[in-house]
Amino acid sequence: MKFRNLAFALLLTTMQALAQSGPDTVQTAKGVLTIQPVQHASLVLSFNGATIYADPDGGAEKYKSFAKPDVILITDIHGDHFNPGTLNAVKTPNTILVVPQAVADKLPAEDRTKAIVLRNGEQTTQAGISINAIPMYNPPGGPDAKHPKGRGNGYVLNIGGRNVYLSGDTEDIPEMRGLKNIDVAFICMNLPYTMDVNHAADAVLAFRPRIVYPYHYRGQNGLSDVNEFKRLVDAGNRHIEVRLRNWYK
């Protein structure tokens, strides 16, 4: 019996690992949203024939199995978010770039003229998806901060009636805590650039997304403890589903 239980446990672990290596899905009122972690801050969202890349990095090889992007979102100028080599490799002449002004300033002229530039608080609709730019910064947000207020964008996307939040590089700021009706959230947690696990969990418990993914969790001292993040969120609110995925294969 002991060996049978052990075999079952190993099989379950293998099945869970396989499930976590593939795409996730979220049901919306207008179809299925597919979520594919890529690496660090990079992910791919697919919905009703539209494909969105967020902060593509890591080279073209990481994206060869995905459809070409209709929209690319870029949150900030740092290389783990804005990688010109990867961007040039994955975009097409028809890809729409949605970027903050600081990124637009670094684009080649051809891309700059076609990019949709959003400042914090501005909104656009592309490929049938509403895209809202929201603040992401290190308080107090002055020019000497690693991420000054107003330079980069977090994004809230409305996809088939579901609200999806991409934190980008931010600390535990009032604008994040004040979010409402978020269905899926991607939350950064890497010191010294953003926030620690405790602040990330506390912020999530404040705005209560339905599903949360810890991402962007590699810092100067290695990977943040996402299992501790899950423990803190589970202890604070069992109705928030924490999805742990491997962003550093």
- Task: Could you tell me whether N88 is modelled with pLDDT of 95 or more, polar (S, T, N, Q) and closer than 22 Å to K146 by Cβ?
- Result: no
- Message: All but one of (1) in contact with a His (Cβ under 7 Å, 6 or more places away or on another chain); (2) closer than 22 Å to I116 by Cβ hold for D172; state the number of the condition that does not hold.
- Response: (2)
- Message: I'm told A89 meets every condition in (1) out of contact with any Ser or Thr (no Cβ under 8 Å at 6 or more places or on another chain); (2) assigned to a loop (DSSP other than H, G, I, E, B) except one. Can you identify the failing condition by its number?
- Response: (2)
- Message: Just to be sure I understand the filter: pairs with C-beta atoms under 6 Å, separated by 6 or more residues or on different chains, first member in the range 21-44 and crowded, with 20+ Cβ neighbours inside 10 Å, second member among the charged types (D, E, K, R) and not in a strand (DSSP E or B). Which pairs pass?
- Response: P37/R245; V38/K62; A41/D55; A41/D80; S42/D55; S42/D57
- Looking at this structure, is T51 part of a helix (DSSP H, G or I) and β-branched (V, I, T)? no
- Mind checking which pairs have a first residue in the range 58-82 that is closer than 14 Å to T92 by Cβ and a second that is loosely packed, with under 12 Cβ neighbours inside 10 Å, Cβ under 6 Å, 6 or more apart or different chains? K68/T92
- Could you say whether any residue in the range 28-38 is assigned to a loop (DSSP other than H, G, I, E, B) and either within 21 Å of K249 (Cα to Cα) or polar (S, T, N, Q) (or both)? no
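The values are calculated or read from the model by the stated rules, or taken from the named source; none is laboratory data. These numbers come from a predicted model, not from an experiment. Because the Cβ atoms are built from the backbone with ideal geometry, glycine has one as well, and the counts that use them run over all protein chains shown.
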